[in-house]
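Visitor: The structure's right below; bear with me while I get my questions together.
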Amino acid sequence: MALRSVLVRAAEDFRRRCVAQSLTRTFRSPFTTAVVLDDLKYAESHEWVKLEGDYAVVGITHHAQGELGDVVFVDLPEVGRQVSKGESFGVVESVKAASDVYSPISGEIVAVNSELAESPALVNKGPFDEGWIMKVKLKDREEIQSLLDAEKYKQHVEESAH
Amino acid sequence: MKLLRLQGFPILQQLYLEERLLRATTHNWCLINQGTNPPAIIVGISGKPEKLLDVKAVLQDNIPVIRRFSGGGTVIVDTDTVFVTLICRRDAVTLPDLYPRPIMEWTEHLYLPAFQTVPSFHLLEHDYVLGDRKFGGNAQSIIKDRFLHHTSFLWDYQDFRMAYLKLPQRTPTYRLARSHSDFICRLKDYMPSREAFTDYIVKAFEQQFRLQEISLDEVEKTQPSSVPHITSTQVFTTADLQQSIMPLIVKG
């Protein structure tokens, strides 16, 4: 009976790991080792969007942080500001370069990741989670439809590497 | 590519102009400015004076401190600096995407013919060096489908001015804890004259671009400053600088 319990627990752990991994696909090609998450949407300018009801969390992708290099500063936008799809909402500085980042959606900025003020390297360490940059109250949910899904974003990264 | 040659143009005005040409125009540009007066200290977009400068000495000697819109470190510039700026559309360069390292490497190849007479010019980490000594500091600003790469070349420099700059927290690996005077070198020790240097640069750029000279008047007429655009360049006031060292004075 004890052995059966151990086997059942092991099977359950294995099942839970498989479920977790199905949400995350590591894509490796001859041209890129970008990590792409299935449950996000993407802009061609390498920002990601995670929908949370009427809100969207925005950051830059694993590919973008890898190409930028060590992030040393993030110029965060102001809470309360209105952003439009395609508009620059901030700057990410990496060693010698200041690179604009562009909002994939329109709406009101309701939160920014203030942790980035002291720890900009969170953008490199966890671009899809602890490196998030801003949260926006959506103005037009339809805009999400024009963003790329994980598969199309993966193809976009592959094509731009040529 | 439009070529704008300037002589002693104030660096603050140059930075305002560059930001405008990057954000509010669609052309490719090359700016060459021979020196600036008065001397000024320029920090990068995230630069904090209290961390980068001997602020008390800067205030005492009334040196202007400017925060530029591009990334990178701190420079002190004067009449001995030669400024060269490239502003390009994505389609002007053979790069798959606009990111800092590929742009930096592209500029190394662009500049190479200008340094044919000088031994061992190359890009080392993020700096233009002769051997292992830096003679040009680079910085970039990248927006959608356009980028700016500007360099301040050390034609000559005054040691006493370098004393305003603290050793930065982030230094290139190749610096190896060397003092400023052992880490940098003067371009005038390797080139016949400033005019020859800028001629070499123009000839090098002509290998990749068709250059059309334009005057500052024509730029002002055809690319007016009234076109709205993001402006990040700012001057630190005396109050800003005093405020920056206030916590340090209180602690002391």
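Bear in mind these aren't lab numbers, they're just calculated from the coordinates by the rules spelled out. As the structure is a prediction and not an experimental result, all values here were calculated from the model. Cβ placement follows ideal geometry from the backbone for every residue including glycine, while neighbour counts extend to all protein chains displayed.
Visitor: Kindly list the residues of the range B:67-91 that lie in the label zone of B:His122, defined by a backbone N under 11 Å from the point 7 Å along the Cα-to-C-beta vector.
Guide: Backbone N within reach: none found.
Visitor: Provide the per-residue ³J(HN,Hα) series for the range B:169-183, in order, calculated from phi with Karplus coefficients 6.51, -1.76, 1.60 and θ = phi - 60°, each as a whole number of Hz, with x at glycine and proline positions.
Guide: Calculated HN-Hα couplings, in order: 5, 9, 10, x, 4, 6, 5, 6, 6, 6, 6, 3, 5, 8, 9 Hz.
Visitor: Pull out the extension gain between B:His109 and B:Lys144, defined as 0.36 nm times the separation in residues minus the alpha carbon to alpha carbon distance; nm, one decimal.
Guide: Extra length available between B:His109 and B:Lys144 comes to 10.3 nm.
Visitor: Would you calculate the separation in nanometres between label points at A:Gln145 and A:Glu108, each defined as 7 Å from the Cα along the Cα-to-beta-carbon direction?
Guide: Going by the 7 Å Cα→Cβ label model, 2.6 nm.
Visitor: Fully extended, how many nm does the chain gain between B:Lys48 and B:Thr238 (0.36 nm per residue separation, minus their Cα-Cα distance)?
Guide: 67.0 nm
Visitor: By counting other Cβ atoms within 10 Å of each Cβ, how are B:Met246, A:Met134, B:Met191 ranked from fewest to most?
Guide: Arranged by neighbour count, lowest to highest, B:Met246, A:Met134, B:Met191 become B:Met246, B:Met191, A:Met134.
Visitor: Are there trypsin sites (Lys or Arg not before Pro) in the range B:198-252 that DSSP marks as loop and that have at most 16 other Cβ atoms within 10 Å, and which are they?
Guide: The qualifying sites are B:Arg210.
Visitor: Once the Cα gyration tensor of chain B is diagonalised, what are the square roots of 5 times its eigenvalues, in whole Å and ordered largest first, as equivalent ellipsoid semi-axes?
Guide: Three semi-axes, in Å: 28, 23, 17.
Visitor: At a Förster radius of 30 Å, what calculated FRET efficiency corresponds to the Cβ-Cβ distance of B:Gln169 and A:Gln82, to the nearest 0.05?
Guide: For B:Gln169 and A:Gln82, the calculated efficiency is 0.25.
Visitor: Charges only on Cβ, +1 for Lys and Arg, -1 for Asp and Glu: so what's the dipole of the protein assembly as shown about the Cα centre, in debye to the nearest 20?
Guide: Here the protein assembly as shown has a charge dipole of around 660 debye.
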